[in-house]
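Working notes, structure below.
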Amino acid sequence: MQDAAATAETYAVSARNRVKRLHGRGHYERAAVHAVLDAGLMCHVAYVIDGQPYCTPTMHWRVGDRLFWHGSSASRMLRHQKAGVPVCLTVSLLDGLVMARSGFNHSLNYRAAMCFGTARLVDDPAAKAEAIRGVVERFYPGRDAHLRPLSAQELKATAVMTMLIDEASAKVRATGVGDDEADYGQPVWAGVVPVHTVVGEPEPCPRVLPGTLPAAGLGPYRPGRPFDEALREAQRLYEGAAD
């Protein structure tokens, strides 16, 4: 499913989403923004309640140009956003430690995306049930069919928010050390320490019934594989199933 706003290849650039510092690292192509969103499992949603800023970590997923996240129906964040409020949703991924010859030039290699829009509650029962199904299928393609159905109480206790991405940008640093020319003669080690999150061996629950089939939906999560690659494959499978 694609929203009409997702037909352009890039997001419009405004004062709100323009990368102002080191603007050469900024990207506004939808593909670049979506690549960061799809490689992450958690986001941070920032919003304001009665003049007080809050930032809530939560799990997100993407359908076309639309983002979803969920939580408890009793959540202050979700109750506040029910009527529709401006939010900024961000995802950031750490790729490396950049160690220079001066403290000033130490840095990180990273990928980050910042998305702006209006968060609204998914209150249509059918749409809400489909969205909750989506949070399983997006990360574990094919698993939902093996699970027991959600109960009425579980549906009631879960709130789902959605946001059409109005504006967005990605910012990426993927380079080596950037020391001042005069510092290259210093007898100090400098370089990049790569940082990776990798998938480990599955650890079955000790109460799994004898003869139970291997976990459905773990196809992308092969032990030793970079976690962001697994998430991107799961997203592709999810999108393919939705077509």
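Lysine pairs in the chain with alpha-carbon atoms under 19 Å apart, 8 or more places apart or on different chains: how many are there?
On the way: 20/171; 82/128; 82/156; 128/156.
Taking the Cα cut-off of 19 Å, the pair count is 4.
Dividing the alpha-carbon Rg of the chain by 2.2 N^0.38 Å yields what?
1.16
How much net charge surrounds residue 201 when only the other residues with a Cβ under 12 Å from the Cβ of residue 201 are counted, with Lys and Arg +1 and Asp and Glu -1?
Once all neighbours under 12 Å are counted, the net charge is +1.
In percent, how large is the relative contact order of the stretch 4-242, given Cα pairs closer than 8 Å and 6 or more residues apart?
Answer for the stretch 4-242 is 25 percent.
Please state the charge dipole magnitude for the stretch 4-242, taken about the Cα centre, from unit charges on C-beta atoms (+1 on K and R, -1 on D and E), reported in debye and rounded to the nearest 20.
On the way: 27 positive and 24 negative charges, 107 e Å.
So the dipole magnitude of the stretch 4-242 works out to roughly 520 debye.
For the peptides 207-213, 39-45, what is the packing order when you average, over each peptide's residues, the other Cβ atoms within 10 Å and list the highest mean first? All intermediate terms of the calculation are to be shown ahead of the outcome.
Numbers: 207-213: 6.7, 39-45: 18.0.
Answer by packing, highest mean first, reads 39-45, 207-213.
Would you mind ranking 61, 69, 189 by Cβ crowding within 10 Å, fewest neighbours first?
Neighbour counts put them in this order, fewest first: 189, 61, 69.
Which residue, 8, 155, 129, has the largest displacement toward the positive end of the dipole of the chain when charges sit on each Cβ (Lys, Arg +1; Asp, Glu -1)?
155
Throughout, read-outs are computed from the coordinates displayed, never taken from laboratory work. Note that the coordinates shown come from a computational prediction; the quantities given were computed from them, not determined experimentally. Neighbour counts are summed over all protein chains in view; Cβ atoms, including those assigned to glycine, are modelled from backbone coordinates with ideal geometry.
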